[in-house]
Amino acid sequence: MSGHNGTSASTTSDLAALQAEVARLQAQNTALSIQHDLLATWVVTVRMAAGNLMLKALSQQILEVVQKLVQAEQGSLFLLNADGSIAESLLARGSTIREQRREIVGQILSEGLAAWTIENRQVAVIPETLDDERWITLPNQPYTVRSALCAPLVRGKRLLGIVTLMHSEPQKFNQQSARLMEMAADAIALVVDNAQLFGEQSQGGEPLDPQPDDLPSGIGLPSSIGEARSIERCGLYITTAEGKLRYVNRRFATIFGYRRRELRDLDSILDLIPVDYQDYLARQLERCIQDLERPISCVIPGRHQDGRLLDLEIYAERIHFSGEPGTIGLIKSLGDRGAASGLWSSSTIADQGGNPFTLTLED
């Protein structure tokens, strides 16, 4: 009987060890997938944007990825410069006025869970915020937090950033969540480190080529820093394969006369295009998703929120985020001349070909 019990215990122990190893390998695979997706996003974004715009787009995707990874409801992200100052920040409460934002960021990084994480350089989990003194509730906080997870983005000895994830219910995060975030944070830190290094070199007039051999072919860089800065004045967007807008910058929203949060409520980017041309753009997006070597580059009419027609230059390339296909691109308004001149007809949509740097992109 005792021998049977011993065999049973051994089998149970072996099974537990196997399950732990499977969980570790799955977490490692997830982290590598996140790293690859972020690297691809960064390379494409570098082709289209410069400076803070590139970091903002990358930050947005990082936050989306980690929120999905641990099923968080809210999240904030801070990327830091070498001197510890804020390079880019995304707050869970969204847009705030500059002075208020500065106060909130300062409090987050100097008190509570984020401060503990910065000091200890390790992932922190709070299953119940009411029972943990490291959690502080910020003034006028517009959301409820009962579970929290905070992870540092560390590369070597340097702290590159910190991400805090939140949920309105207790016990939503655990040690498994912490292990996932630990692996993901290492992968994310590599991308952030390379992105910031490239940004520093670009500002110094010595652009680097960030394209590893295993990234999509055909992805290049602006031919000059001035050219990249002219592109920074364009609208930047990221969509899902179905055309749902996942990210837009302020310039994009301004072109169409919307607020950014209003654009997130649209069913598709096609809602910004006159009905007669939606099928055309839908086909272009579909081809772009299906074929990495087939970016979109065309001139097409768009519709302002007040009903005016706009002449638009559109460029997009395929991208993957969170393992799902989508597009990332630029858009520039040429004004409402098309509506005034009757330029647009079903047979006069202009395909430019090539990449956006062959277009005139000066405001």
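Just so you know, all these numbers are worked out from the coordinates, no wet-lab data involved. All of these numbers come straight from a predicted model, not from anything done at the bench. When we count neighbours, we look across all protein chains shown, and the Cβ atoms used for this are built from the backbone with ideal geometry, even at glycine.
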Separation of the Gln122 and Leu190 label points, Cα + 7 Å toward Cβ, nm: 2.4 nm
Vicinal HN-Hα couplings computed from phi for the range 302-310 (Karplus, 6.51 cos²θ - 1.76 cosθ + 1.60; Hz; Gly/Pro x): x, 10, 5, 4, 7, x, 5, 8, 10
When the chain is fully extended, how far beyond the present Cα-Cα distance does Arg250 get from Thr137, taking 0.36 nm per residue of separation? 37.8 nm
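Determine the gain in length on full extension of the stretch Asp306-Gln278; use 0.36 nm per residue of separation and subtract their C-alpha separation, reporting nm with one decimal. All intermediate terms of the calculation are to be shown ahead of the outcome.
On the way: separation 28, 0.36 × 28 = 10.08 nm, distance 1.84 nm.
Gain on stretching Asp306 to Gln278: 8.2 nm.
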